[in-house]
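The values are calculated or read from the model by the stated rules, or taken from the named source; none is laboratory data. All values derive from a computational prediction rather than experimental measurement. Positions of Cβ are backbone-derived with ideal geometry, glycine not excepted, and every protein chain shown enters the neighbour counts. Ligands, DNA and RNA are excluded from the accessible area calculation, which covers all protein heavy atoms including side chains. Shrake-Rupley method; radii C 1.70, N 1.55, O 1.52, S 1.80 Å.
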Amino acid sequence: MIAQRYERNIGTITEEENEKLQACSVWVAGCGGLGGYIIEGLARIGVGSITAIDGDVFQPSNLNRQLFSTERNLGYHKALAAQERIRAVNSATEIHPLCCYLTEENAEELITKRYDAVVDALDNIPGRRLLVQTCAKQGVPLIHGAIAGWQGQVTVILPGDTGLDRLYPEGVEKGIETETGNPVFTPAIVGALEVAETVKVLLGRPEILRNKLLTIDLLEQEYDLIEL
């Protein structure tokens, strides 16, 4: 019998699929704007284990959009705040915080084959490239998302795919978000899209955004699907 907390999942996914999610382990890179919505969304739908990495602490500039930030926890580690939040939201989800940054030295030690998926909630292009490279070596699917002002994008990168190379060619180190800013609504929507794609990957659904880039423009309410 399915737990009452998951009853409203059924219909969108089956009871068997919900049980499968509870046996899955997901690694999330970043606990800030995107990461907060992703981590909480994965826990609420019932993913059994989440590892959340972020070496940063909360600052006042995070309060406009980062779900786990409050006026009371400024200066507190984002990964630890994620752990406390998820323990309050769903005690059945194991949450493992890593208070460090992803680097070339630790990437292959931290991202291993035991994870069923990795989710990109980073805010820098070198880190995204490192995620792609590491996931390819370890054979782990990667769900990518990025935001900038009114705009966002999502895609799924399986080991061996090269789509991100077209988005971030060599020499490009900064995204447009350094100029456009990041309001609250864009990470909320893109984070939800990344959760949806992660769930589909975990369940083996065929409709994933592999070799496709979903772009959104919330100012013009334009949504485009681009072949990569």
Excluding residues fewer than 8 positions from residue 20 in its own chain, the lysines with Cα under 22 Å of it are 113, 200
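If packing is taken as the average number of other Cβ atoms within 10 Å across a peptide's residues, how do 161-171, 200-210, 128-138, 31-41 rank, most packed first?
Numbers: 161-171: 13.4, 200-210: 15.7, 128-138: 19.1, 31-41: 27.4.
Those peptides, ordered most packed to least, come out 31-41, 128-138, 200-210, 161-171.
With the contact rule set at Cα under 8 Å and sequence spacing of 6 or more, what percent relative contact order holds for the chain? Don't jump to the answer; show the numbers that get you there.
On the way: 456 pairs, mean separation 43.9, N = 228.
The normalised contact order for the chain reaches 19 percent.
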Antiparallel DSSP beta bridges within the range 89-192, percent to nearest 5: 80
Based on the Cβ-Cβ distance from residue 228 to residue 179, what FRET efficiency comes out when R0 is 22 Å, to the nearest 0.05? 0.35
So with the 1.4 Å probe, I'd like the accessible area per residue for the chain, rounded to whole Å². 49
First compute the accessible area of the range 139-226 with a 1.4 Å probe, then give the percent of it belonging to carbon and sulfur atoms. 54
Explain nothing, just the number: dipole magnitude of the range 1-98 about its Cα centre with +1 on each Lys and Arg Cβ and -1 on each Asp and Glu Cβ, in debye rounded to the nearest 20. 280
Dipole magnitude of the chain about its Cα centre (Cβ charges: Lys, Arg +1; Asp, Glu -1), debye to nearest 20: 500
State whether the range 46-135 is rounded, prolate or oblate according to the following rule on the C-alpha gyration tensor (a ≥ b ≥ c being the square roots of its eigenvalues): a/c under 1.5 gives rounded; otherwise a/b larger than b/c gives prolate, and the remaining case gives oblate. oblate
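Rounded if a/c is under 1.5, else prolate if a/b beats b/c, else oblate: with a ≥ b ≥ c from the C-alpha gyration tensor eigenvalues square-rooted, which is the chain?
Numbers: a/c = 1.29, a/b = 1.11, b/c = 1.15.
Judged from the Cα gyration tensor, the chain comes out rounded (a/c under 1.5).
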Ordering 150, 27 by accessible area with a probe of 1.4 Å, largest first, what comes out? 150, 27
Any GluC sites (Glu not before Pro) in the range 60-130 that lie in a DSSP loop and have at most 10 other Cβ atoms within 10 Å would be 71, 104, 105
Estimated inter-spin distance, residue 88 and residue 2, nm [label 7 Å along Cα→Cβ]: 2.7
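Which loop-located trypsin sites (Lys or Arg not before Pro) does the range 62-118 contain, where loop means any DSSP state but H, G, I, E or B and the Cβ has at most 13 other Cβ atoms within 10 Å?
On the way: sites: 65, 72, 78, 85, 87, 113, 114; in loops: 65, 72, 113, 114.
Within the range 62-118, the qualifying trypsin sites (Lys or Arg not before Pro) (loop, at most 13 other Cβ atoms within 10 Å) are 72, 113, 114.
What is the sum of charges, Lys and Arg at +1 and Asp and Glu at -1, for the other residues whose Cβ falls under 13 Å from the Cβ of residue 14? If you can, show how the numbers build up before the last one.
Working: positive: 20, 205; negative: 7, 15, 16, 17, 19.
Summing Lys/Arg as +1 and Asp/Glu as -1 gives -3.
Summing -39500 (n - 2.57) over the DSSP H runs of n ≥ 4 in the chain and dividing by its residue number, what mean residue ellipticity at 222 nm do you reach, to the nearest 500 deg cm²/dmol?
Numbers: 8 runs with 79 residues, N = 228.
Mean residue ellipticity at 222 nm (helix-derived): -10000 deg cm²/dmol.
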Give the separation of the Cα centroids, the range 17-36 to the range 145-171, in Å. 19
